[in-house]
Amino acid sequence: MGSLETPTSAAENGATITAPYSGDQKFLAVDRDHAGFMPESESMKRRKSNILPLEVGTRVMCRWRDGKFHPVKVIERRKMHFGGPNDYEYYVHYTEFNRRLDEWVKLEQLDLNSVETVVDEKVEDKVTSLKMTRHQKRKIDETHVEGHEELDAASLREHEEFTKVKNIATIELGRYEIETWYFSPFPPEYNDCLKLYFCEFCLNFMKRKEQLQRHMRKCDLKHPPGDEIYRSGTLSMFEVDGKKNKVYGQNLCYLAKLFLDHKTLYYDVDLFLFYILCECDERGCHMVGYFSKEKHSEESYNLACILTLPPYQRKGYGKFLIAFSYELSKKEGKVGTPERPLSDLGLLSYRGYWTRVLLDILKKHKGNISIKELSDMTAIKAEDILSTLQSLELIQYRKGQHVICADPKVLDRHLKAAGRGGLEVDVSKLIWTPYKEQS
């Protein structure tokens, strides 16, 4: 899951209300001292002729959207259609930040005085390439959860090589134009498209705005193609069966992969149920995020993949989706847990949810309570409860058994640190029966 700490407005989260130009996502100014507007010296001209075009792997300083220079590594380059032999654009990775901020830049955004000699390098350590502060991680915890898997080192190298350059730069979804974060394996005929246009209701995608406009005149849907199982105010949840709505499920996976780095893309969506969270108005029900779960899980997984779309982040929807997955588990009479292995930041998001739920119960409960009782009350798996209480230092091991030590002052301190719980699921508005395979 990764994300640099993002500003609070929808536009600065990588989404803008659809308009011809989204200025906050582009470079607004170029430092004239670095960008070559001043007359060049002969030594600088010679230096440029010696180092240009920059090789893949070159490290250099690049001006970012904050107006400051940051270290980057050149991942790829492409010849500009009009220009001389050294006129290239460069696809760069900001080594301080997550891969979702990788982008194409022009030569004038690079400080050629900072070019480092290209050496034979090993693939960067994953921890370095995903470098974030604890504050940044907390912000991500509030907004967005990673996809299915944390890859081993060999798989990570293969994955990053294959997906190193974003193929789709932006998408239009409803009234938003959204900058994408990662590569997504769309069919080959879309390889030459920098922008795709999605129908926000059926999720069909097109190359041109006119195609979308023609489609919208014919599309009958005003909400996801499934059963509405929850409605509270303007919030609605739809359950979509991947077997009954295969194209919708596959299109949702393509869309989600644009914002999830290490998500496994499942083409066989028949095995999954998708829960689509929507904001509703007079125009229809507009998707803000979703989670998926297997119809049958031997490991008691109650969630496979989860995503809040960038325009709707920082509003508590991610926490709502996690809470909703546990309410479904309660209806099933089962305990649940997210699909493993969790990414580091995925674990942070779930640990935050488990912490708030358990602390609320311990604060209100009088007398002793066991882990089994907590699990029965919350549908949280016993192992997840145990690890959470251990991380909070609220449990001790005495005489062969775990004992919960819930000092009121300690609970208050932890509750204050945990922060607000976000949007709550009104269980009285949930109308749902567990999935059963139809014969």
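The alpha-carbon positions of region 257-326 define a convex hull whose volume is 119 Å³ per residue.
Residues whose amide H lies under 5 Å from that of Lys381, counting only those 5 or more places away or on a different chain, are Gly336; hydrogens are built 1.01 Å from N in the peptide plane.
Taking the Cα centre of region 344-419 as origin, work out the dipole magnitude from +1 charges on Lys and Arg Cβ and -1 charges on Asp and Glu Cβ, in debye rounded to 20.
Values: 12 positive and 9 negative charges, 57 e Å.
Roughly 280 debye, rounded to the nearest 20.
Return the subset of Lys366/Lys416; Lys364/Lys416; Lys331/Lys409 for which the Cα-Cα distance in this structure is over 23 Å, preserving the input order. Violating the 23 Å limit, Cα to Cα: Lys331/Lys409. Using only side-chain charges placed at the Cβ, +1 for Lys and Arg and -1 for Asp and Glu, the dipole size of region 240-308 relative to its Cα centre rounds to 180 debye.
Per residue, the convex hull spanned by the alpha carbons of region 344-419 comes to 93 Å³. Phi angles of region 417-431 translate, via the Karplus equation with coefficients 6.51, -1.76, 1.60 and θ = phi - 60°, into HN-Hα couplings of 5, 5, x, 6, x, x, 5, 9, 7, 7, 4, 5, 9, 8, 10 Hz per residue; Gly and Pro are given as x. Among the GluC sites (Glu not before Pro) within region 357-439, those in coil by DSSP and having at most 13 neighbouring Cβ atoms inside 10 Å are Glu393, Glu424, Glu437. Between Gly84, Trp64, Asn98, the Cα set farthest toward the positive side of the dipole of region 55-116 (charges on each charged residue's Cβ, about the Cα centre) is that of Asn98. In angstrom, the C-alpha Rg and Dmax of region 314-385 are 12.4, 37.
How about region 260-326: which trypsin sites (Lys or Arg not before Pro) there are in a DSSP loop, with at most 12 other Cβ atoms within 10 Å of their Cβ? Provide the component values of the computation, followed by the final result.
On the way: sites: Lys263, Arg283, Lys293, Lys295, Arg314, Lys315, Lys319; in loops: Lys263, Arg283, Lys295, Arg314, Lys315.
Answer in residue order: Arg283.
Can you tell me how region 55-116 classifies by the Cα gyration tensor, rounded, prolate or oblate, using a/c under 1.5 as the rounded cut? Prolate shape, in that a/c is at least 1.5 and a/b is the bigger ratio. Between the C-alpha center of region 196-242 and that of region 298-323 there is a gap of 19 Å.
Across region 354-363, rounded Karplus estimates of 3J(HN,Hα) from the backbone phi angles (6.51 cos²θ - 1.76 cosθ + 1.60, θ = phi - 60°) give 4, 4, 5, 5, 5, 5, 4, 5, 5, 5 Hz, Gly and Pro being marked x. Any number yet on Rg/Rh for region 170-247, C-alpha, Kirkwood? Ratio of gyration radius to Kirkwood radius: 1.00. Near the amide H of Ala169, within less than 5 Å, lie the amide hydrogens of Lys195, all on another chain or at least 5 residues away, with H placed in the peptide plane. The chymotrypsin sites (Phe, Trp or Tyr not before Pro) of region 57-92 that meet both conditions, a loop assignment by DSSP and at most 14 other Cβ atoms within 10 Å of the site Cβ, are Phe82. The amide H of Asn302, built 1.01 Å from its N in the peptide plane, has Thr337, Glu339 as neighbours under 5 Å, considering only residues 5 or more places off or on other chains. Evaluated with a Cβ-only charge set (Lys, Arg +1; Asp, Glu -1), region 55-116 carries a dipole of roughly 140 debye about its Cα centre, given to the nearest 20.
Values quoted throughout were computed directly from the atomic coordinates according to the rules given, and no laboratory measurement underlies them. Bear in mind the structure is a predicted one, so any value in this text is a computation, not a measurement. Please note: Cβ atoms are built from the backbone with ideal geometry, for glycine as well, and neighbour counts cover all protein chains shown.
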